[in-house]
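See below for the structure under consideration.
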Amino acid sequence: MHSEPTLTIESDPKPADRSIVERGLEAFNHQHAGDSHHQPLCVFVRDSAGNVLGGLLGDTYYGWLAINLLWLDEAWRGHGYGRMLLRAAEAEAIRRGCRHAHVDTLSFQALDFYLSAGYIVFGELAGLPPGHTRYFLQKPLAAHGS
């Protein structure tokens with residue numbers, strides 16, 4: 001006789017426990033959509049000493065570039081480094097066979113930046129966070145570059 005499973009809420013789970021869930025979903029997705037060809041994609045802006053001044057953290061999978069985070073130290077904003085990060089990530093994604101990119105941003109973050117880079121809004125969540133909006137954007141990636 002088996003005991004009933006229990007439900008736990010954990011803010012800091014063991015990496016091995018997270019891995020079980022991640023691998024389980026990965027296997028399920030593979031059955032239905034094939035190999036995702038998932039790869040992390042990170043691009044950094046560094047000073048001459050190698051210190052990180054900003055970067056873009058993302059992933060490529062199923063022919064898409066997912067931009068998870070893009071940040072620059074405030075002193076380096078407005079000098080074109082954000083655009084360089086984005087272009088470098090898009091170029092690498094194309095090299096990896098990606099045909100599309102997606103990102104989300106908050107209304108006080110970088111909506112105009114992504115719009116000016118050719119991304120289009122396909123969804124939004126008003127009130128996330130309260131008083132603001134979360135925007136979801138996508139962009140086709142041209143085979144010759146972006």
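Percent of accessible area on segment 63-146 owned by carbon and sulfur, 1.4 Å probe?
Using a 1.4 Å probe with all protein chains present, segment 63-146 comes out at 56 percent carbon and sulfur.
Answer with a single label: of (i) 11, 40, 38, 11, 0; (ii) 12, 44, 34, 9, 1; (iii) 10, 30, 32, 21, 5, 2, 0, which was calculated as P(r) over Cα pairs in 10 Å bins from 0, in percent from the structure in view?
(iii)
Divide by every residue of the chain the summed helix terms, -39500 (n - 2.57) for each DSSP H run of at least 4, and state the resulting mean residue ellipticity at 222 nm, rounded to the nearest 500 deg cm²/dmol.
About -8500 deg cm²/dmol.
With labels modelled as points extended 7 Å from the Cα through the Cβ direction, what inter-label distance (nm, one decimal) is found for Ser19 paired with Glu124?
4.2
Within the set of other residues whose C-beta is less than 15 Å from the C-beta of Gly97, count the net charge using Lys and Arg as +1 and Asp and Glu as -1.
-1
Probe of 1.4 angstrom, ligands and nucleic acids ignored: what's the accessible area per residue over the chain, in square angstrom?
Heavy-atom SASA per residue in the chain reads 70 Å².
Gain in length, Asp59 to Glu10, computed as 0.36 nm per residue apart minus the alpha-carbon separation, to one decimal in nm?
So the extension gain works out to 15.1 nm.
What are the ³J(HN,Hα) values, in whole Hz, obtained from phi via the Karplus relation 6.51 cos²θ - 1.76 cosθ + 1.60 with θ = phi - 60°, for each residue of segment 45-54 in sequence order, with x given for Gly and Pro?
9, 10, 7, 5, 8, x, 6, 6, 9, x
Counting only the heavy atoms of the protein chains, how much of Asp59 is accessible to a 1.4 Å probe, in Å² to the nearest 10?
Spelled out: Asp59, probe radius 1.4 Å, area about 30 Å².
What full-extension length gain, to one decimal in nm, is calculated for His38 and Val52 as 0.36 nm per residue of separation minus the Cα-Cα distance?
The span from His38 to Val52 would gain 2.6 nm if fully extended.
The values are calculated or read from the model by the stated rules, or taken from the named source; none is laboratory data. Computed from a predicted structure; not experimentally measured. Virtual Cβ from ideal backbone geometry, glycine too; neighbours counted across all protein chains shown. Remember, those area values only see protein heavy atoms, side chains included, never the ligands or the DNA or RNA. Shrake-Rupley method; radii C 1.70, N 1.55, O 1.52, S 1.80 Å.
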